[in-house]
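Below is one structure, written out as structure tokens; comments come after it.
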Amino acid sequence: MVEQQSPLEPVFRPGSHGNFADGVGVTLSEIAPCSIIQLAAWPGEEKKLMVVIGSVTGLKLADGAGAGASSDRYSAFGFAPGKFLVIDASEGLATTLAAKVAPAVGTVTDLSHGRIAIRIEGAKAEWVLGKLFAIDLALAAFPLGSGISTTHHDIFTLMQRSGPQRFDLYVFRSFARSFWKMLCHAADEVGYEVR
Amino acid sequence: MLITCPHCGPRDISEFAYQGEGGRTRPDPASTDLEAWNAYVYQRLNTAGAHDEIWQHAGGCRSHLAVVRDTLTHEIASVRFAREHGAPAHGRRKPGARK
């Protein structure tokens, strides 16, 4: 196994920070999944690709923009027409998917070393993310399991709601440290714990 | 200003990149008709009112969108995927037309 080093290492400071005297508003952590795979279907082949995702991960993706689902091991969501991000806590997902996605159906791109996964969780998670993204993060508009693609100051971000008060953010590894520091600054006001 | 992406829903204008006037027809690449190429490359309608535009949701799903925007009010009359672009709903003026 290729041992991945975290790009956050120099700025990752476990513990409580900011205005946490009255309790922390959010918890920030790096998930570090072993596989982050982007799947793209050719026009008209979306359903076949969704069947492959379902057969490999056991996740049932609903029809519709941004629909997604998670299990203990896998996460998957659509973030663009015919495009999906599939995340696996274990290695080897790219190989498995590449064997199952026929070239006539779509493409498989391994982004495991190109993205970083950051989790923000807590009562103030929506509030903190609301400072960074012009997105309606309310549960009704952004339901559990679903995903979106957006940007903060040109840092492209894929986001999945993995819990009522929990969001997983996927950003370019080269921007990870900058994004993490920005997230910490945004969370300063509500108090945050890094773990 | 908000643009309602057909895939992502309403998003802030900062997520979108303007890609120019919509509905223009590229001349045959083999054509040496300088007038036609000049019109295609340089001439714009400069519409005051409903205007066909191509935008890309660059900071989102990256889809190219065919948007009809009122240049006087910024009101967005319609948004659809550019790949589904047919004749615009409001018709299209010819370059140089008064209205």
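A few notes on this one:
- Residue check for residue A:93: in contact (Cβ under 8 Å) with a residue 12 or more places away in the chain, open to solvent by 30 Å² or more (accessible area, probe 1.4 Å) and either within 29 Å of residue A:184 (Cβ to Cβ) or not assigned by TED's automatic domain parsing to the domain that holds residue A:159 (or both): no
- Taking the criterion of being more than 9 Å from every other protein chain (Cβ to nearest Cβ) and surrounded by fewer than 23 Cβ atoms within 10 Å (Cβ to Cβ), the residues of the range A:134-151 that qualify are A:137, A:138, A:139, A:140, A:142, A:143, A:144, A:145, A:146.
So that you can scan it fast, the table gives a plain yes or no per residue for (1) surrounded by 14 or more Cβ atoms within 10 Å (Cβ to Cβ); (2) assigned to a loop (DSSP other than H, G, I, E, B); (3) modelled with pLDDT of 95 or more:
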residue	(1), (2), (3)
B:19	yes, no, no
B:24	yes, yes, no
B:28	no, yes, no
B:39	yes, no, no
B:44	no, yes, no
B:80	yes, no, no
B:88	yes, yes, no
B:92	yes, yes, no
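- Selection status of residue A:10, more than 18 Å from residue A:89 (Cβ to Cβ), at pLDDT below 95 and open to solvent by 90 Å² or more (accessible area, probe 1.4 Å): yes
- Taken over the range B:1-48, the residue count meeting the criterion of being on the phi > 0 side of the Ramachandran plot, within 14 Å of chain A (Cβ to nearest Cβ) and within 14 Å of the chain's Cα centre (by Cα) is 0.
- Residue satisfying condition, being touching a residue at least 24 places away in the same chain (Cβ under 8 Å) and either in contact with an Asp or Glu (Cβ under 8 Å, 6 or more places away or on another chain) or basic (Lys, Arg) (or both), within set A:66, A:18: A:18
- The range A:152-173 - residue that is among the hydroxyl-bearing types (Ser, Thr, Tyr) and in contact (Cβ under 8 Å) with a residue 40 or more places away in the chain and, of those, nearest to the other protein chains (Cβ to nearest Cβ): A:170
The values are calculated or read from the model by the stated rules, or taken from the named source; none is laboratory data. Predicted model, so just to flag it, every value in this text is computed and none were measured. Neighbour counts are summed over all protein chains in view; Cβ atoms, including those assigned to glycine, are modelled from backbone coordinates with ideal geometry. Just the protein is used for accessible areas: all its heavy atoms, side chains included, with ligands, DNA and RNA removed. Shrake-Rupley method; radii C 1.70, N 1.55, O 1.52, S 1.80 Å.
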